[in-house]
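The values are calculated or read from the model by the stated rules, or taken from the named source; none is laboratory data. Since the model is a prediction, treat every value here as computed from it, not as a measurement. Reconstructed Cβ throughout: ideal geometry from the backbone, glycine too, with neighbour counts over all protein chains shown. Just the protein is used for accessible areas: all its heavy atoms, side chains included, with ligands, DNA and RNA removed. Shrake-Rupley method; radii C 1.70, N 1.55, O 1.52, S 1.80 Å.
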Amino acid sequence: MTRAFSPALALSAGEPAGIGPDVALAAWLRREEHQLPPFFITGDAELLRARAAHLGLAVPVVACTPEDAAAHFATALPVVPTGPAATAAPGRPDASSAPAARAAIDTAVGLVQAGRAAAIVTNPISKAVLYAAGFSFPGHTEYLAHLSGDPAPRPVMMIWSPELAVVPATIHVPLAEVPHLFSRELLIETARITARDLTHRFGIATPRLAICGLNPHAGEEGTLGLEDEIVTRPAVEALRQEGIDARGPLPADTLFHAAARKTYDVAIGAYHDQVLAPVKALAFDRAVNVTLGLPFVRTSPDHGTAFDIAGTGRADPSSLIEALRLARRLADRDRAASAARLPA
């Protein structure tokens, strides 16, 4: 019986002047040590060659098609060219940065939608650089959702690590806006998407969701703010009526110690720092950004462009390595689940 072809992962190059090229090169060099699945970069092969030379890394770079990437992976870093040349020096984005970064994303999404890539792993982009070039989306994730279809799905950001997985209901917004954005509808929809993807892609039959209260001590029954009685508690009750194993509102200050973490599969918080600070404290170098709610698997290293260390050789590829490994696992499970749903 012939084994079905399994495409390689698509790794978008990210901001050319950032550490994306550095960690991609370093990850490829550690491919055997970490048993990395085959991946190819969508971007400019010449930039990768120049960065490898700058860092003194012996990394052969080969331009190829997605279908040939796995065959090249053992001996060279495969790159699927995207068109725009990237001329930015490490730490110094230039006029080529935004077109190159955007083309890398566009190409990766097109390939995964066509079945020519198993999943997308995205290196970090600079929103400031893209905004200056007319980019109109709030961020990377929203742009991926836009490219996914019409209407665009609602993406949910999960930061995953072996120690802890978290989801913020509101993401990159000022703290002063959180109470106005934090609603029952938002919390319910976020939890539904989280539970669905934990089941279908992570293989957790009945995900356990721990829902943080917005206020200290989860509002202390209304004495420290009414939001958790008006928003969080009714949302949790509605989720439980749907058959979702949700608990809350729970005080965030007692939710992240070792014993508490054993009682749930993901913690959903009201705002960014409430849940991202604990996961980064526990697994800073191993945490992976996973976008839930998209029609394809997308992971990303949980760090930024780090312009200050780009091209210095100090960038740690650990988070990218974990993102690649997790993307492969999720893509394989997604593929198997899809095959099981096909009529015999």
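All told, F307 meets the bar of being in contact with a strand residue (DSSP E or B) (Cβ under 9 Å, 6 or more places away or on another chain), within 20 Å of V23 (Cβ to Cβ), aromatic (F, W, Y) and buried (at least 16 other Cβ atoms within 10 Å of the Cβ). A single member of A95, A69, A108 is more than 19 Å from A315 (Cβ to Cβ), out of contact with any Pro (no Cβ under 9 Å at 6 or more places or on another chain) and open to solvent by less than 10 Å² (accessible area, probe 1.4 Å), and it is A108. In the stretch 309-328, the residues that are free of Cβ contacts under 8 Å to residues at least 60 places away in the same chain and under 21 Å from G56 (Cβ atoms) reach residues that are open to solvent by 10 Å² or more (accessible area, probe 1.4 Å) and of a type outside the set (G, A, S) with C-beta atoms within less than 8 angstrom, at least six apart or across chains, in these pairs: S318/D285; S318/R286. When D245, D253 are screened for being more than 30 Å from R325 (Cβ to Cβ) and either free of Cβ contacts under 8 Å to residues at least 60 places away in the same chain or not hydroxyl-bearing (S, T, Y) (or both), only D253 passes. Among the residues of the stretch 77-92, those identified as out of contact with any Pro (no Cβ under 9 Å at 6 or more places or on another chain) and surrounded by 24 or more Cβ atoms within 10 Å (Cβ to Cβ) are V79, T82. Restricting attention to the stretch 194-243, the residues that are open to solvent by 30 Å² or more (accessible area, probe 1.4 Å), within 15 Å of V266 (Cα to Cα) and part of a loop (DSSP other than H, G, I, E, B) add up to 5. Of all the criteria given as (1) touching a residue at least 40 places away in the same chain (Cβ under 8 Å); (2) touching a helix residue (DSSP H, G or I) at 6+ places or on another chain (Cβ under 7 Å), the one not satisfied by A218 is (1). Taking the stated definitions as given, is I125 assigned to a loop (DSSP other than H, G, I, E, B) and at pLDDT 95 or above? Yes, satisfied. Among residues of the stretch 102-122 that are farther than 17 Å from V290 by Cβ, those with a beta-carbon under 6 Å from a residue that is open to solvent by 10 Å² or more (accessible area, probe 1.4 Å) at least six positions away or on a different chain give the pairs A103/T82; A103/G83; A103/P84; A104/A13; A104/T82; T107/T82; R116/P7. The residue of the stretch 112-158 that is nearest to V297 (Cα to Cα), among those that are in contact with a His (Cβ under 7 Å, 6 or more places away or on another chain) and surrounded by 21 or more Cβ atoms within 10 Å (Cβ to Cβ), is T122. How about the stretch 1-52: which of its residues are among the acidic types (D, E), more than 17 Å from G313 (Cα to Cα) and not in a loop (DSSP other than H, G, I, E, B)? Of everything in the stretch 1-52, just one residue is among the acidic types (D, E), more than 17 Å from G313 (Cα to Cα) and not in a loop (DSSP other than H, G, I, E, B), namely E46. Candidates in the stretch 38-58 are the residues that are over 21 Å from A117 (Cβ atoms) and among the hydrophobic types (A, V, I, L, M, F, W, C); of these, the one that is surrounded by the most Cβ atoms within 10 Å (Cβ to Cβ) is A52.
Among the criteria (1) in contact (Cβ under 8 Å) with a residue 60 or more places away in the chain; (2) assigned to a loop (DSSP other than H, G, I, E, B); (3) surrounded by 22 or more Cβ atoms within 10 Å (Cβ to Cβ), the one H172 does not fulfil is (3).
Residue by residue, here is whether (1) in contact (Cβ under 8 Å) with a residue 40 or more places away in the chain; (2) hydroxyl-bearing (S, T, Y); (3) over 21 Å from D273 (Cα atoms) holds:
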site	(1), (2), (3)
S183	yes, yes, no
I193	yes, no, no
T199	no, yes, yes
A205	no, no, yes
L214	yes, no, no
L224	no, no, no
P234	yes, no, yes
E237	no, no, yes
